Structure formats: structure tokens, C-alpha cells
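*Asks:* Please find one structure pasted underneath; my questions will follow.
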Amino acid sequence: MEDCLFCKIVAGKIPSQTVYQDDQVFAFRDINPQAPVHVLIIPKTHITAVSDITKEHIPLLGHMVVIANQIAQSEGIFEKGYRLAINCGKEGGQAVAHLHIHLLGGRQMSGKLG
């Protein structure tokens, strides 16, 4: 999608601190981190929100979670614990209209989600 911030990052039009990429996903450090480790894992294909997920996306979502686990391992937070979060829509806290998983860790996370 032409005007999508994350699509521009995937295309290399906007710089990012790349953590991982393959043919399906791209992972980069959040520019406004909410934890010592805050990585965004996004599909390279534009999907606006988790509410747009269909059965055909099941393998992609599984792959995104596996990659999140691998990044947690490489960032040194796998053993102590981490949070994966997906926001959906404006009231759900989604700031960019491109599906993304937040990988957060490196500190004690609160029990509150909001």
C-alpha cells in the first residue's frame, strides 16, 4: 500500500533498525520503545489489522509468532519472559494501519494491558 508507513519501511524507503527479515516478515525496533526490548514483527504483505485475518493467513501468523520467539531468544529475553501484543483499530491502540506484533521484554511487565 503506497501510503502505509510500514510498507515504506519494508520497501526501504524509510530507514529502520532491522532485527530480522525473510520472504514473509520484517522485524525492526520500535522508534518509541515501551520496554528495553521492543521489536515490531510485520508481514511484508499489507494486512491492515488482525480483524482482516482469514484462514489463508494462518500459516503467516504462525510464522510471525515463531519469528517472535526466535527474536526473543536472540535478544536474551526468552528465558525470563516477554509479551506479544497485537492491537486492533484505533480504540484498540493500533497506531499504524498495518498488522504488527509487538515483542516487549527486558523488564518486569505489569499485569495490566491498558
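*Asks:* By the scheme Lys and Arg +1, Asp and Glu -1, what is the net charge of all other residues having a beta-carbon under 14 Å from that of Phe28?
*Replies:* +1
*Asks:* Between Ile53 and Lys80, what length comes free when the chain is fully extended (0.36 nm per residue of separation minus the Cα-Cα distance, one decimal in nm)?
*Replies:* 6.7 nm
*Asks:* Output the lone cysteines of the chain: those with no second cysteine's C-beta under 4.7 Å from their C-beta.
*Replies:* Among the cysteines of the chain, those whose Cβ sits 4.7 Å or more from every other are Cys88.
*Asks:* May I pose another question? Would you mind giving the average projected area, over all directions, of the Cα convex hull of segment 32-108 in nm² with one decimal?
*Replies:* Mean shadow area of the hull around the Cα atoms is 5.3 nm².
*Asks:* Below 13 angstrom from the Cβ of His38, what's the summed charge of the other residues (Lys, Arg +1; Asp, Glu -1)?
*Replies:* +1
*Asks:* Once you charge only the Cβ atoms, +1 for Lys and Arg and -1 for Asp and Glu, what is the size of the charge dipole of the chain about its Cα centre, to the nearest 20 debye?
*Replies:* For this selection, approximately 320 debye.
*Asks:* What ³J(HN,Hα) values, in whole Hz, does the Karplus curve 6.51 cos²θ - 1.76 cosθ + 1.60 give for segment 80-88 when θ = phi - 60°, with x put for Gly and Pro?
*Replies:* Once rounded to whole Hz, the list reads 7, x, 7, 10, 10, 9, 10, 8, 9.
*Asks:* Then there is this: Tell me, what is the per residue accessible area of the chain in Å², probe radius 1.4 Å?
*Replies:* 61
*Asks:* Restrict the search to segment 8-104; then list the trypsin sites (Lys or Arg not before Pro) that DSSP places in a loop and that have at most 13 other Cβ atoms within 10 Å of their Cβ.
*Replies:* Hits after loop and neighbour filter: Lys13, Lys80, Lys90.
*Asks:* With n ≥ 4 as the cut-off for DSSP H runs, can you work out [θ] at 222 nm for the chain, using -39500 (n - 2.57) per run divided by the number of residues, rounded to the nearest 500?
*Replies:* -6000 deg cm²/dmol
*Asks:* Here's something else I'd like to know. Can you compute 3J(HN,Hα) from phi for each residue in segment 92-101, using the Karplus curve 6.51 cos²θ - 1.76 cosθ + 1.60 with θ = phi - 60°, rounded to whole Hz and x for Gly and Pro?
*Replies:* Result, rounded to whole Hz: x, x, 7, 8, 10, 7, 8, 3, 7, 9.
*Asks:* Label 7 Å along Cα→Cβ of Lys44; segment 13-31 residues with amide nitrogen under 19 Å?
*Replies:* 13-29
*Asks:* Among Leu60, Gln34, Val10, which residue has its Cα positioned farthest towards the positive end of the charge dipole of the chain, with +1 placed on the Cβ of Lys and Arg, -1 on the Cβ of Asp and Glu, and the dipole taken about the Cα centre?
*Replies:* The Cα lying farthest towards the positive end belongs to Gln34.
*Asks:* Aspartates and glutamates near Lys8 by alpha-carbon distance under 17 Å, same-chain residues fewer than 8 away left out - which ones?
*Replies:* In chain and number order, the partners are Asp22, Asp23, Asp30.
*Asks:* So, in nm, how far is label Tyr20 from label Arg107 when the simple model puts each one 7 Å beyond its Cα toward the Cβ?
*Replies:* For Tyr20 paired with Arg107, the spin-label model returns 2.3 nm.
The values are calculated or read from the model by the stated rules, or taken from the named source; none is laboratory data. It should be emphasised that the depicted structure is a prediction, and the values quoted were computed from it without experimental measurement. Using ideal geometry, Cβ is built from the backbone for each residue, glycine included, and neighbour counts are taken over all protein chains shown. Each accessible area value is taken on the protein alone, full model and side chains, heavy atoms only, with ligands, DNA and RNA left out. Shrake-Rupley method; radii C 1.70, N 1.55, O 1.52, S 1.80 Å.
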